Amino acid sequence: METITENQKVKVAKKLKKMFGHVDLRDTTLACPVRDVMALASDKWSILIILYLGYFPVLRFNQIKKKVYGISNKVLSERLKHLEGDGYLKRTMYPEVPVRVEYKLTDFGHSYLQKLIELTEWAEMHKECVISNRNRFQGVEA
């Protein structure tokens, strides 16, 4: 397990101050730009869609649906539209019979994918710690 140094904590505190220092946190009517940008891109379905499109450069709707186990057609369609609207992915429709539609990450989507990979690596590295903490919290013997 890695140790967080005081210097790292100070750096994080400075970054958070820069992020939130100009906002009156008592005013709950203010729109949070972090929440606005991250809400869609960080939900469980969008993360999986982006990870799979990072691994498979081009996927069609049904291919994504098969890989993102458990997602409904409606939710997948909504997520793809939102991700396209925010610029994470590009949708290409080919005028064929039947119509062929493909999805791929944009350069912007690839930049977000890099951060997701860092987060998934962190999760993989710390999963045993999380499971142990969860079991201890729930009173389960390991």
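For the reader, a short list of remarks on this structure follows.
- Residue satisfying all of: in the range 103-142; charged (D, E, K, R) and touching a helix residue (DSSP H, G or I) at 6+ places or on another chain (Cβ under 9 Å); surrounded by the fewest Cβ atoms within 10 Å (Cβ to Cβ) among these: E141
- Of all residues in the range 73-87, those that are surrounded by fewer than 16 Cβ atoms within 10 Å (Cβ to Cβ) and among the basic types (K, R) total 2.
- The condition (being modelled with pLDDT under 95 and surrounded by 10 or more Cβ atoms within 10 Å (Cβ to Cβ)) is satisfied by just one residue among R100, R60: R100.
- Neighbours by Cβ (under 6 Å, 6+ apart or cross-chain): first from the range 118-142, more than 20 Å from I47 (Cβ to Cβ); second surrounded by 10 or more Cβ atoms within 10 Å (Cβ to Cβ): A142/N135
- Selection from the range 58-114 of residues that are closer than 16 Å to D43 by Cα, touching a residue at least 24 places away in the same chain (Cβ under 8 Å) and among the basic types (K, R): R79
The values are calculated or read from the model by the stated rules, or taken from the named source; none is laboratory data. Since this is a predicted model, take the numbers as computed values, not measurements. Glycine gets a Cβ as well: all are built from the backbone with ideal geometry, and neighbour counts include every protein chain shown.
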